[in-house]
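All remarks here apply to the structure that follows.
Values quoted throughout were computed directly from the atomic coordinates according to the rules given, and no laboratory measurement underlies them. Only a predicted model underlies this, so the values are computations on that prediction, with no experimental measurement involved. Here the Cβ is made from the backbone with ideal geometry for all residues, glycine too, and neighbour counts use every protein chain on show.
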C-alpha cells in the first residue's frame, strides 16, 4: 500500500469497498496499488486477481461511487494495471485472516 500525503482518507474509503466474491476489502485483498490526487481529481491504480475476472465492472463502479462520496473528490480516474501481477503476497494480514475464516488458504 502506497499512502501518499493527503490520500489516507481515500485509502480508508476504499477499505469499505468489498470484493464481490469474498467480503474482503479491495485494500486488504491488495488490489489497490496506488492512489494519487491532484486537487479534486483522484487517480487510482488497481488490478484484479485474474484478467478474466467476471466482477471487473462491478469493482470499477464501486470504486468510483465510493470515492465520489468524499467531499474533496469531483473526478475519479482508474488505471487498470497488470504489472506487477497480483499475488496473494499483496494481501494484508487482515485480508489473510478473513480468507482463512472463509476456509481459503493463502
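At 7 Å along Cα-to-Cβ for each site, give me the label-to-label distance between residue 4 and residue 70 in nm.
1.1 nm
Most exposed first by the Cβ proxy, i.e. fewest other Cβ within 10 Å, how do 87, 49 rank?
Going from sparsest to densest Cβ surroundings: 87, 49.
Please report the antiparallel percentage of the DSSP beta bridges confined to the stretch 8-101, to the nearest 5.
Around 55 percent antiparallel, to the nearest 5.
Using Cα pairs closer than 8 Å and at least 6 residues apart in sequence, work out the relative contact order for the chain, in percent.
Result for the chain is 29 percent.
Peptides 72-83, 37-48: what's the order by average Cβ count within 10 Å, highest mean first?
Descending mean neighbour count gives 37-48, 72-83.
Which of the three applies to the stretch 8-101, rounded, prolate or oblate, going by the alpha-carbon gyration tensor with a ≥ b ≥ c and a/c under 1.5 meaning rounded?
Cα axes put the stretch 8-101 in the prolate bin.
Describe numerically, in nm with one decimal, the distance between label points set 7 Å from Cα along Cα→Cβ at residue 41 and at residue 82.
Result: 2.6 nm between the two label points.
Work out, step by step, the length gained on full extension between residue 57 and residue 102: first 0.36 nm times the residue separation, then minus their alpha carbon distance; give nm to one decimal.
In short, 13.8 nm is gained.
Run lengths n ≥ 4 of DSSP H only: what is the helix-derived mean residue ellipticity at 222 nm for the chain, with -39500 (n - 2.57) per run over all residues, to the nearest 500?
Only helices count here, giving -8500 deg cm²/dmol.
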